[in-house]
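Structure first, commentary second.
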Amino acid sequence: KLSEAASHFLRVGKIAPQSPVRANAEYDAAAAYIAMKDWPSASRVLENFRRTYPGHSLQADVSNKLAVAYLEQGKWSHAALEFEVLASDKNKDPQVRREALWQAAELQEKAGDHQRALTAYERYVTQFPNPFEPAMEARHRLAGISQKRGQTASRDRWLHELVKAEQDGGSSRTDRTRFLAATAAMTLAEPHYEAFRAARLKEPLKKSLKIKKEKMQQALKAYGRAADYGVAEVATAATYHIAEIYRDFGRDLLTSQRPKGLSAEELEQ
């Protein structure tokens, strides 16, 4: 009879508010609500417990229980804050801290609070560079969130860091980290491709042709780096872009401005 038990536990605070057993009784009431999966009631009692007994020894377990209660109610932001508490330096177990911080970041992202998600993922990369693969995933998500927010400079910073970290990963590198680095390299190649396409062949041709060729080489190198990871789908896309670059260069040569003063035959040639 968990519902009745919870009600009787909460009566202690009403009938004997100064009783030394009141705190334990209210905590047990929350436990009864959790056992019944009455998450709103459990949350309410635990929130009150936190406010009323800030120095109580049972406070250490409140965040665990509140995190579960909020998750069950779909309150992602509230749950994320509890996981951030679990990830704080007060918790001695680094494994618990790492997993809690990752879950906090994911929940903030799920809740649409991109700023808090960025902060949490950045904390994760700083505090837990190992294991290697999750840290690479965190950089990937930092870049993705930055892109959603229209922060291109921040996105590119994280993509560059992702590529560099993967290059320095040594034996920790995996198929997944290579895929993440390859896709990052593809994204970083796009501005070089756009700069190449934007360069026009016009008078004076010697000057504009030099600029066009420089932009072309930069784009070719960027896509070449992406292809070098050996990730099939990325290598295919990179090779296609390389072919496009050569095709565009040929087309731009044929449609470039002509020097003045040429005869009809010279223009045809």
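At a glance:
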item: Residue list for segment 1-50, restricted to those being under 21 Å from Tyr70 (Cβ atoms) and of a type in the set (S, T, N, Q); result: Ser41, Ser43, Asn48
item: Residue match in segment 169-191 (condition: modelled with pLDDT of 95 or more and over 30 Å from Phe128 (Cα atoms)); result: yes
item: Residues (open to solvent by 40 Å² or more (accessible area, probe 1.4 Å) and either at pLDDT 95 or above or under 17 Å from Leu58 (Cα atoms) (or both)) located in segment 12-30; result: Pro20, Val21, Arg22, Asn24, Asp28
item: Filter result for Arg157 (part of a helix (DSSP H, G or I), within 24 Å of Tyr121 (Cα to Cα) and open to solvent by 60 Å² or more (accessible area, probe 1.4 Å)); result: yes
item: Criterion violated by Pro54 - all others in (1) surrounded by fewer than 19 Cβ atoms within 10 Å (Cβ to Cβ); (2) without any contact (Cβ under 8 Å) to a residue 24 or more places away in the chain; (3) part of a helix (DSSP H, G or I) satisfied; result: (3)
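The values are calculated or read from the model by the stated rules, or taken from the named source; none is laboratory data. Keep in mind that what you see is a predicted model, and the values were worked out from it rather than measured. Cβ coordinates were reconstructed from backbone atoms using ideal geometry, including for glycine residues, and neighbour counts include every protein chain displayed. Please note that ligands, DNA and RNA were not included when accessible areas were found on the heavy atoms of the full protein model with its side chains. Shrake-Rupley method; radii C 1.70, N 1.55, O 1.52, S 1.80 Å.
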